[in-house]
Amino acid sequence: MPARLNLVILGKQGAGKGTQCKHLAKAYAIPHVSTGDILRGAVKAGTPLGLEVASVMNAGALVSDELVIRLVDERFKQADAQKGALLDGFPRTLAQAEALEALLGDDGIKLCINLDVPVSLVTERLSSRRVCQECGAIYKDSDIEAISGTCANCGGDVIQREDDQPDAIRKRLEAYERDTEPLLSFYGSRGLLVTVDGDQSPDDVTRAIEAVVHDKGLA
Ligand code: ADP
Ligand code: ZN
C-alpha cells in the first residue's frame, strides 16, 4: 500500500485554503478535513459540541486545543482518511502540531504548504466574502447571489459569516500571527515547508501547489 498522503495547508484566513483544498482533494483522492467546516456543521446542527463552541467561534477566537485534537483524531479513524488527508485550519497552534505528530507517528505529515497572502489583501477578501449557509459555496458581496441572498447551486441562503465582520476579522488575523505563524518554523525545521504565492488566480495557485507535490515525489 502506498504511504499515506497527509498534507497541511497553512495560510491566513482568506488566503484561499478552502478553494484550493476542494481541487486538491479531488486531484489526490483524499478527504478535505477542515476543522472550521466540522465546527460550523456542529453549530448549525445544534449538537452539544455546536452549542459549546458557537460563541467562541462567532467572536473569532480559537476553540480549545483539546477539543479540536479530539475531533481530528475521530476524523482520522474514518475509512476515507486511511489514504491520507488534506488538513485545512488544523493544526493552528504549536500544541496542535505536536499532538498531530503524536497521532500520525511515522506515517506523518509529508508536506506543509504555506499559502502566502498579504494582510491587506486577505482583509479585503474576508470583508467582501459571502457564503451559502447550506452548501458552503463562496461568493463576493458584488455577486448576484450575494445581493439576492440566494445560492445558485442549491437555493440556500447566502449570508455574511459572523466572524467575517471587521472586529472578528482583526481578532482572527491577530490570532493567526500569534498562534499559527510559529508553525512555519515548526514545519520549516523539519524540512517540510514550501511557500506558495497565494496572490495569483486560483487556477495558478492550484498549478503551483500541484507542481510542488509532484516535485517532492508525493503524487
Ligand atoms: P478561518 O480560518 O477563516 O477563521 P475556519 O473555518 O478555519 O476559519 O475556522 C473558523 C473558526 O473555527 C475559527 O475562528 C475557530 O474559532 C474555530 N477553529 C477552526 N479550526 C480550529 C483549530 N484548529 N483550533 C481552534 N479553533 C479552530
Ligand atoms: Zn448553496
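Worth a mention:
- Within straight-line cross-link reach of LYS26, lysines at Cα separation under 23 Å, skipping those fewer than 8 residues along the same chain: LYS12, LYS17, LYS77, LYS83, LYS110, LYS216
- Per residue, the average separation of C-alpha pairs within less than 8 Å and at least 6 apart gives the chain a relative contact order of 29 percent.
- From the alpha carbon centroid of the range 26-90 to that of the range 157-219 is 17 Å.
- The range 100-219: C-alpha gyration tensor shape, a/c 1.5 cut-off, then a/b vs b/c: prolate
- Share, in percent, of DSSP beta bridges within the range 1-139 that are antiparallel, nearest 5: 15 percent
- Among 3-15, 112-124, sorting by the average number of other beta carbon atoms lying within 10 angstrom of each residue, highest first, gives 3-15, 112-124.
- Look at the Cα gyration tensor of the range 1-124: its axes a ≥ b ≥ c give a/c of at least 1.5 with a/b at or below b/c, and that counts as oblate.
- Dipole magnitude for the chain: about 300 debye, using +1 per Lys or Arg Cβ and -1 per Asp or Glu Cβ, origin at the Cα centre.
- Ordering VAL122, ALA61, ILE147 by Cα displacement along the dipole of the range 58-148 toward the positive end leaves ILE147 in first place; charges were set at the Cβ atoms of Lys, Arg (+1) and Asp, Glu (-1).
- Dipole of the range 1-115, positive end: most advanced residue of GLY18, GLY89, ALA99 [Cβ charges, Cα centre]: GLY18
- For the chain, calculated [θ]222 nm from helices alone, where every DSSP H run of n ≥ 4 adds -39500 (n - 2.57): -14000 deg cm²/dmol
Laboratory data are not the source of any read-out in this text; all were calculated from the coordinates shown. These figures come from a predicted structure and were not determined experimentally. Neighbour counts are summed over all protein chains in view; Cβ atoms, including those assigned to glycine, are modelled from backbone coordinates with ideal geometry.
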